[in-house]
Structure formats: C-alpha cells, structure tokens
Amino acid sequence: MPSSQPASPPRLGALARQVASLYGGASHWSRNFVRGKLLTDPATPAVLGLAAEAGGFGVVADLGCGRGQAGLALLLAGLADQVHGLDLAPAKIADAQRAAAGLPASFCVADLGAAELPACDTVIILDVLLQMPDAAQRRLLSAMATAARRRVIIRAFDPDCGWRARLGFASEQIGRVLRRDGTVLRPLPMAELAAPFEALGFAVSVRPCWGWTPLPNVMLVAERSAR
C-alpha cells in the first residue's frame, strides 16, 4: 500500500524496475519501454521531486497517460493515493489496466478533447497538449483548472526558448516525415498556458525540464492558493 507520509524522492533505478515488473502481462517491448521511459525521461525525477516536496499528490488524474507508468510510479513510491489515467490509445490503456491490478488506479480510453475530467487533487499532463489543435488545448486547460483541487503539472514545449525551440521544431519536422502520421506540434506560449490558472487564483511557476536533452521542455506548475 502507498505510504501516507512520503519524505523524499525514491531511488529511480529501483523504482523503475519495480514499476516495470508490474507489466508481466505486456509485451517484452512494452516492459522495456516502461523501464527505459522512467529512467531516461527528465520528467520522471521532476514529477517525483515535486510530489515529494508537496508531501504527496493525493488523487491524481494523469492525462495522456500512455501505459500508465508515471502514475504507477507515484503510487509505488507512496507519492499518490489514487491514480486515474486517460489516454486515446486502447492498447496502451490495456497494458496500464493489467499493470494496475490490485492497486488504487483506474485507466480508461478517452479523447482529451471531449472527455469529462475526474475530480482530483493533482492533474498531470506530459507532452500532450502541443499535439492538440489550439482551441482544444484552451478548452482542456480550462477543464484542468476546474478539476484540480490543488495543483496542475504540465510538461510543455516552450516555443520561445531560443535555440532549444528552433532545434525542437526542426527535430519534429524530421520526425513527422519519418513517421508519416500527420502530427503537427502547436505549442502555446507559456503565458497562454498559465492564463486559465492565474485567472482562478493559482500561483504559476515555470522551470526547465529538459535534463540531458537539447529540447525546450519546461515544467509549468500551477498551485491553487490554500483556502
């Protein structure tokens, strides 16, 4: 069971192995992906560190959760009480559901552009917004501000981050040609991402989250003022 009194971020290597072990029913590729993603993505230590600083994230809504590894890592680290994950990909959600057996977590297929968000303490969304049309991004930002009782964590692409942004856009153009999936990045400026939260009294901060990569990834943290 998750601990009720988290104190510090867990050791990442051990946690990644523990989370990956939950995916015994998934393919070998999926298990390796989960472990590799947790170990190499700079968002992993960033989110775990924020959760530890906060004394835990409470009930978490993980939007665009993929295979659910971020939410399950929070649970196993004692940094979340419950996790509700939403993602558009049925195969990834199936992996997440199997991995979460016996844990206080639920995962369902949902289109974030239309889904009703679960009430929660913390909303987490990593690298998803920028793949949505501008209007859909703004609708989802407003929905997140309403759903989150305490905070919203967004890993975003900062389009005004100098050479990192130029390199990020160039990399995405190459990736789009190779993938042939029609995906287009539409990152909103940080001020536009922050506006719906500031309007509701959240305190917003933005910090680098690019780690070892040359990309313009930042972490936007919106904290609701204590009532």
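Summary of the geometry: the range 49-113 and the range 130-157, compared by the centres of their Cα atoms, lie 17 Å apart. Charge tally for Arg138 (other residues, Cβ to Cβ under 12 Å; Lys, Arg +1; Asp, Glu -1): 0. For the chain, the fraction of 1.4 Å probe accessible surface lying on carbon and sulfur atoms is 56 percent.
What the phi angles of the range 188-193 give under the Karplus curve with 6.51, -1.76 and 1.60, with θ = phi - 60°, is a coupling list of 7, x, 4, 4, 6, 5 Hz, glycine and proline written as x.
By DSSP, the beta bridges lying fully in the chain are antiparallel in about 40 percent of cases. Shape call for the chain from the C-alpha gyration tensor, a ≥ b ≥ c root eigenvalues: rounded (a/c under 1.5), prolate (a/b greater than b/c) or oblate? Rounded is the answer for the chain, as its axis ratio a/c remains below 1.5. In this rough spin-label picture, where each label sits 7 Å from Cα along the Cβ direction, the Ala94-Arg180 distance is 2.5 nm. Highest-first packing order for the peptide set 68-74, 27-33 is 68-74, 27-33, based on the mean count of other beta carbon atoms within 10 Å.
Quick one: grab the alpha carbon gyration tensor of the range 34-81, order the square roots of its eigenvalues as a ≥ b ≥ c, and give me rounded if a/c is under 1.5, else prolate or oblate depending on whether a/b is larger than b/c. Here the range 34-81 falls in the oblate category. Each residue of the range 41-58 was assigned a 3J(HN,Hα) from its phi angle through the Karplus expression (A = 6.51, B = -1.76, C = 1.60, θ = phi - 60°), giving 7, x, 5, 4, x, 5, 5, 4, x, 4, 5, 5, 4, 7, x, x, 9, x Hz with x at Gly and Pro.
So with the 1.4 Å probe, I'd like the accessible area per residue for the chain, rounded to whole Å².
47 Å²
Taking Cβ atoms as reference points and 15 Å as the exclusive limit, the residues near Leu72 contribute a net charge of +2, counting Lys and Arg as +1 and Asp and Glu as -1.
A cut-off under 15 angstrom between Cβ atoms defines the neighbours of Asp158, and their net charge, with Lys, Arg +1 and Asp, Glu -1, is +1. Only helices enter the 222 nm calculation for the chain: every DSSP H run of n ≥ 4 contributes -39,500 (n - 2.57), and dividing by all residues gives -13000 deg cm²/dmol, rounded to 500. Look at the Cα gyration tensor of the range 147-227: its axes a ≥ b ≥ c give a/c of at least 1.5 with a/b over b/c, and that counts as prolate.
Taking amide H atoms as placed 1.01 Å from N in the peptide plane, the amide H of Gly85 lies under 5 Å from those of Asp62, Ser106, Phe107, Cys108, each 5 or more residues away in sequence or on another chain.
The values are calculated or read from the model by the stated rules, or taken from the named source; none is laboratory data. In this text, all values refer to a predicted model and were calculated from it rather than measured experimentally. Cβ atoms come from the backbone with ideal geometry, glycine included; neighbour counts cover every protein chain shown. Note: areas computed on protein heavy atoms with side chains; ligands, DNA, RNA excluded. Shrake-Rupley method; radii C 1.70, N 1.55, O 1.52, S 1.80 Å.
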